[in-house]
Amino acid sequence: MSVRLIRREPGQSKQSIAATLLRTCAFALVATFSIGHASYAASVEEIKARGYLSVATEDDYNPFEFVDNGKNTGYDNELLALVRKKIGVDVKQQVMPWSGILPGVTTGKYDMALTAVLVTDERKKIFDFASPTCEAVTFYATKKGSSIKSLDDLVGKVVGAETGSAMLADLKLFDEQLKKKHGGNGLKQIVEYQSYPEAYQDLGLGRVDAVANTQISLNSLVKTRPDAFTVGQAIGKPTYIAWAVKKGNADVLKMVDSALLELRKSGEMYQLQQKWLGASYKDMPQSVN
Amino acid sequence: MNAFDYWSIAQGALATVLLSFASIVVGVPLGLGLALIRWARVPFLNRVVVAYVSLIRSCPAVTLTLLIFFALPQFGISLDPTPAAILALTISTSAFNCEIWRAALMNFPRDQYDAALAFAMPRSLRFRRIVMPQIWRASLPGIVNEMTLQIKSTPAVAVIGIVEITRAALRVGARTFDPVPPFVFALFIYGLIVFVLIKAQRVIERRQPVEVRA
Amino acid sequence: MTEHFLIIWQQRADVLSGLLDTLGLLAVAAAASLLLGALLTPALMSKRPAVARLATLYVDAMRCAPFLLFVYLIYFGLPTVGIRMSNWWAGAVALILYNTAYMAELLRGAWAGLPTPMIEAARAYGFHGFGMVRHIILPQVFTVALPMIGNQLVQIVKDSAFLTVIAVGELTHQMNGIQATYFIPFAAFVTAVLLYWAICLVIEGGSGLLSRFAEERRA
C-alpha cells in the first residue's frame, strides 16, 4: 500500500527517474523559498471599518487568564471587560495556547496579544507594548519539603518552564550564570511545557524539581495548593507585564493606551490588581517602549 | 469531578464528533476526486497528486494542524481555530481516502468499462452509472475504517486550543489535580463513538454485499 | 523567508536532537512492539477461549482508544500506581503498548492467511509446537506482513508527534519551541513536515526493498 513517487515505465532508465526526482525536489525548494509573506498590521481606519480589534489570550495562565466553569476570567479578562467599555470598537478575543500568541501577532493574525507578556529587550525589537498592566519577576517554585532552599541548590536539577516564554529565557540566562559560578555545572535539564498546568502536575509528581514562572503566578499556585508547593527565590530581573502589538502599530497602541490610562486614573486597574494579584502597582511608568 | 466537569467533557465529545463529521463529509469526496485524477492520468496533476498524497500520509496530524493554524497567517490566510482544524483534518483524510478509492478503481474490471466505451457512453455517464455504484461498495470497509482512524486522530487539534474531548478532560484534571477520572470518562465516551461506527459498518456491509463478478 | 530558514539552520542542534529523539522512539517502539506483538499473536489465535478473549479484549481496547488519550492516561495514571518514569519513557511505553495490539492484529491476519497444505506438510515432517512456529510459520508470516508492518512503522512515527503534549523533546516539540521563540512558524513547521516526509520515504523504501528480497527468497 505504499505510494511510490515515480512509476517506472518500461524503457525508462534509472537515470531519467533520478533526474525527474531531482527536478521535482529542486522545483519544490525554489517554490518554498520564493514565497514572500504577506502579513499586515491593521491601521485604525481598517479597524474602524472592520468594526473590531482582534486579540489573542492565553487559555490557562493563572491568575491572569483562565477558564472557570466555561467562562474566561482572570486579571487580563476582567481588565478587557473594562477596556471594552472605553475603547469604542468591538474586541474579538481568541483563546489559545501561549506558543501561538506572539507568532500570531508577528504574522498579523491578531492585532494585539492581550495576555501576560513580559517586557524584555529581545521582545522590544519586534513588539511595541501598551501601558503596563503590572510588574513581575521570574521566580522558581518547588514541592513543599524539597531539598532546594537556595539558588545554588538548583545545580544538577531539572527545571520546567513554558515554551517561548520570557520565564524560559530568564531560566536559560540563570543556567548560564550557574555554570559560570560553579565551574561548568548548571541545571541538569530544562523541560519546555505547552502550558503551566502541565508543568505544575509534573512538579507535583516529581518529574521536575522546580518550575520557573512569574512570582504572581507562583503565589497564586501556592494559594490554591499551600500543602503541595512553595515559592523559592528570584532568578530573573524585575520587569513589567504589558499587552503587545506588532512594532510600528502605533494606532492600535494609542487606542488601547488611552483606555488603560483612563482605568489607571479612575483607580479601577489598581482595584483589579488587588483582587487578582494580591498587590497594586501604583508606580508603573505610562509607557515601557 | 462535579456535574459541570462531566458536562464539559461531553461537550468536548460533541465538538470532536462535529469536527470529524465535517472533515469526513468534505474529505471523502475530495479523496475520490484525487483518486480520479490519478486514475485518468491527467499529465501534470497526476504527479502533483502523487506527491501530495505521499507527503500528507507521512505528516503527523499535530504538525499539520500547527502548520495550518500558525503558519498560514504569514500568507495572509488567517483562520479561526475551528476552520483551521477542519481544514487540517480534511487534508489529512483526503490523502488516505484517495488511496482507498484508488485501490477500488484499480480493481475495477476493465471489460465493463470497455463495454461502456463501445456503447459510446459519455464519460460522466460512464462514471455515474457503471463505475461509481460498484466501487463505492467495494471501498466501503476501507472508508469506514479510515473514518474511525480519523476520529481517533481528532485530539491532535487540541494543540491549537480547541476544546475537544481530550482538552476538556485535561482542563478538568488540571483544576481538580486528579487527572485520571476525567480521562477514563473521556476514553469511555470515545470507545462508545468508535463502537457505534464499527457497528454501523457491519450493518451496512451485511445489507450491501459486494457483488460477485460473473 | 530565507532568513527564517537561516535561523532554523542556526538552531540545527535542537532540530537534530528532536530528529534523533523521534528516530529513537521509532526504533524502541518498533522493536518492542514487533516482539511483543509476535508473542501476542499465538494468544489471539489460541484454542482456549479465555486466553483468546483476553487477548482480543486488549487489542480491541487499543484499537478503540485514540492515542493521545492513551498517552495522557499512561502519563498521569502510572504515577498514581507508583511507577515513576521520565516523559520520554512514558511516551515510549505508550507507543509500545498501543502498537503491540496493532502488530499482533496484522500478524494474526497474515498467519490466518497461510496456506493450510503447507502447515499439514510441516506436521507430516514432524514439526510441531514451538519448533514449527519458529522455523515454518513466523518467517512466512513476517514476509507476508512486511508491507503492513511498514505502514505501521509510519503510523508510529506520526503518533510520536503526539508526545509533544507531554513535553517529550521530539521533532514537533523542538520545532514548536523554535517557532515560539523566534516567531518563524511557517519555516519551522515546513521543515518539520519535510523531515517527517523524509523519514517515512526511507521507511517505505526500506520495506519495499525488504519485500522484494523476500519475494526472491520465496520464489
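When B:F177 is evaluated against the numbered criteria (1) under 25 Å from C:M62 (Cβ atoms); (2) within 14 Å of chain A (Cβ to nearest Cβ); (3) in contact with a Lys or Arg (Cβ under 9 Å, 6 or more places away or on another chain), which criterion, by number, is the only one it fails?
The failed condition is (1).
Scan region C:6-23 for residues that are in contact (Cβ under 8 Å) with a residue 60 or more places away in the chain and more than 16 Å from C:A198 (Cβ to Cβ) and jot them down.
C:I7, C:Q11, C:D14, C:S17
Any residue in region C:124-138 that is within 11 Å of chain A (Cβ to nearest Cβ) and modelled with pLDDT under 90?
no
Count, please, the residues in region B:7-38 that happen to be within 13 Å of chain A (Cβ to nearest Cβ) and surrounded by fewer than 17 Cβ atoms within 10 Å (Cβ to Cβ).
Within region B:7-38, residues that are within 13 Å of chain A (Cβ to nearest Cβ) and surrounded by fewer than 17 Cβ atoms within 10 Å (Cβ to Cβ) number 3.
Provide a single number: the residues in region A:187-207 that are surrounded by fewer than 20 Cβ atoms within 10 Å (Cβ to Cβ) and either small (G, A, S) or within 14 Å of chain B (Cβ to nearest Cβ) (or both).
Selection size over region A:187-207: 3.
Can you tell me how many residues within region B:96-135 are outside any helix (DSSP H, G or I) and either in contact with a helix residue (DSSP H, G or I) (Cβ under 8 Å, 6 or more places away or on another chain) or among the aliphatic types (A, V, I, L, M) (or both)?
Residues flagged as outside any helix (DSSP H, G or I) and either in contact with a helix residue (DSSP H, G or I) (Cβ under 8 Å, 6 or more places away or on another chain) or among the aliphatic types (A, V, I, L, M) (or both) within region B:96-135 amount to 4.
Any chance you could count how many residues in region C:167-186 are part of a helix (DSSP H, G or I), out of contact with any strand residue (DSSP E or B) (no Cβ under 8 Å at 6 or more places or on another chain) and either within 7 Å of another protein chain (Cβ to nearest Cβ) or surrounded by 24 or more Cβ atoms within 10 Å (Cβ to Cβ) (or both)?
Of the residues in that region, 11 qualify.
Out of curiosity, is B:I151 closer than 30 Å to A:P97 by Cβ and in contact with a Ser or Thr (Cβ under 6 Å, 6 or more places away or on another chain)?
yes
Please pick out the residue among A:A210, A:A250, A:A244, A:A228 that is more than 15 Å from the chain's Cα centre (by Cα), small (G, A, S) and surrounded by 23 or more Cβ atoms within 10 Å (Cβ to Cβ).
A:A210
Would you check if B:V50 is modelled with pLDDT of 90 or more and not small (G, A, S)?
For B:V50, the condition - modelled with pLDDT of 90 or more and not small (G, A, S) - is met.
Quick one: in region B:136-177, which of the residues that are assigned to a loop (DSSP other than H, G, I, E, B) and in contact (Cβ under 8 Å) with a residue 40 or more places away in the chain is farthest from A:D60 (Cα to Cα)?
This residue is B:E164.
Does C:G24 satisfy the condition of being more than 13 Å from chain A (Cβ to nearest Cβ) and surrounded by fewer than 17 Cβ atoms within 10 Å (Cβ to Cβ)?
Yes: the conditions hold for C:G24.
If I ask for residues that are over 20 Å from B:F188 (Cα atoms), buried (at least 17 other Cβ atoms within 10 Å of the Cβ) and among the charged types (D, E, K, R), which ones from region B:127-177 would you list?
B:E146, B:R175
The values are calculated or read from the model by the stated rules, or taken from the named source; none is laboratory data. Since this is a predicted model, take the numbers as computed values, not measurements. Methodologically, a virtual Cβ is constructed for each residue, glycine included, from the backbone with ideal geometry; neighbour enumeration extends over all protein chains shown.
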